[in-house]
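These notes concern the structure reproduced below.
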Amino acid sequence: MRKFLLPMICMLVLQAHPVFALQVKAVKDNEKVDATISARELSRIFVSGDRIQSTRGLNGAYEIMKDENQGSIFIKPAPFYQHHGFNLFVTTEQGHTYNLFLTPKNFPAETIELKPLSPSRLLAERWEINLPYVDTLTQLMHAMTNEIKPEGYAVISLGKEKPKKLANGFTMQLVTLYRGGHLQGEIWELTNIGRQPLTLTPRNFYQNKTRAVSLEDEILNGGDETYLYRIVNHD
């Protein structure tokens, strides 16, 4: 009987083992970001779509290890700093620099994911000039409609921004930005708030610095929604 029970007991113990929590921090270059780390265990920090190249901070404030394969770091405060916050400056392979203010707390280790809000201009500009101009616009439009991140771009979800109400009976709400070197992609949600059908054309949405526009649907019945994809210069 014991020989059959032991594997079952071990399995239940493994399933009950706590899963480390994940902190997701949106970060811009050279702006301070607050995060918490474990006071007694190694906490992992990594950058989404990038690799940490180097770090610097107050000598003696922490212990740090680098995972060369993953491009991430593991950090734990020194004994004196288990109750004091400290700064850590992170530089990535794509040229980003982030200023983290880490506050140790008495909890198990967590993972911190840094999500860049600033593009890597060097990589983004290289991607933008790799093809003829019209092909670049086509590729960026394809990336937006298929939720693909172009090399070096920062993809920024804007959440629930207040929609703009336009006179001809629909609203526009900016939901996502694709920020690159010289180009910026915009994804807008359009809603027909009236009862009558609306006919829209890409020409309706050209403004200063607009380079390309695409509509998912050009006819909206009352209450219907669709998406507008627009590319603009942002030099």
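The values are calculated or read from the model by the stated rules, or taken from the named source; none is laboratory data. Note that the coordinates shown come from a computational prediction; the quantities given were computed from them, not determined experimentally. Here the Cβ positions follow ideal geometry from the backbone for every residue, glycine too, while neighbour counts run over all protein chains shown.
Determine if the stretch 116-126 includes at least one residue that is in a strand (DSSP E or B) and either in contact with a Gly (Cβ under 8 Å, 6 or more places away or on another chain) or surrounded by fewer than 16 Cβ atoms within 10 Å (Cβ to Cβ) (or both). Checking the stretch 116-126: at least one residue is in a strand (DSSP E or B) and either in contact with a Gly (Cβ under 8 Å, 6 or more places away or on another chain) or surrounded by fewer than 16 Cβ atoms within 10 Å (Cβ to Cβ) (or both).
A single member of GLY181, GLY152 is closer than 30 Å to ILE73 by Cβ, in contact with an Asp or Glu (Cβ under 6 Å, 6 or more places away or on another chain), surrounded by 15 or more Cβ atoms within 10 Å (Cβ to Cβ) and in the same structural domain as LYS209 (by TED's automatic domain parsing), and it is GLY181. Of all residues being outside any strand (DSSP E or B) and within 22 Å of SER120 (Cα to Cα) in the stretch 175-216, which is farthest from the chain's Cα centre (by Cα)? Just the residue, please. Out of the qualifying residues, it is LYS209.
Just one of (1) farther than 16 Å from LYS32 by Cα; (2) surrounded by fewer than 16 Cβ atoms within 10 Å (Cβ to Cβ); (3) in the same structural domain as ALA39 (by TED's automatic domain parsing) fails for PRO132. It is (3).
Within the stretch 208-220, residues that are closer than 16 Å to LEU190 by Cβ and modelled with pLDDT of 90 or more reach partners that are outside any strand (DSSP E or B) and among the basic types (Lys, Arg) with beta carbons closer than 9 Å, at six or more positions or on different chains, in the pairs VAL213/ARG203.
For the stretch 50-66, give me each residue that is under 21 Å from SER120 (Cβ atoms) and charged (D, E, K, R).
ASP50, ARG51, ARG56, LYS66
The criterion of being within 30 Å of ALA26 (Cβ to Cβ), charged (D, E, K, R), part of a loop (DSSP other than H, G, I, E, B) and in contact with a Gly (Cβ under 9 Å, 6 or more places away or on another chain) does not hold for LYS162. Applying the criterion of being farther than 30 Å from ARG126 by Cα and small (Gly, Ala, Ser) to the residues of the stretch 74-107, the residue that is farthest from the chain's Cα centre (by Cα) is ALA78.
Just one of the numbered conditions (1) surrounded by 13 or more Cβ atoms within 10 Å (Cβ to Cβ); (2) out of contact with any strand residue (DSSP E or B) (no Cβ under 6 Å at 6 or more places or on another chain); (3) not in a helix (DSSP H, G or I) is not true of THR91: (2).
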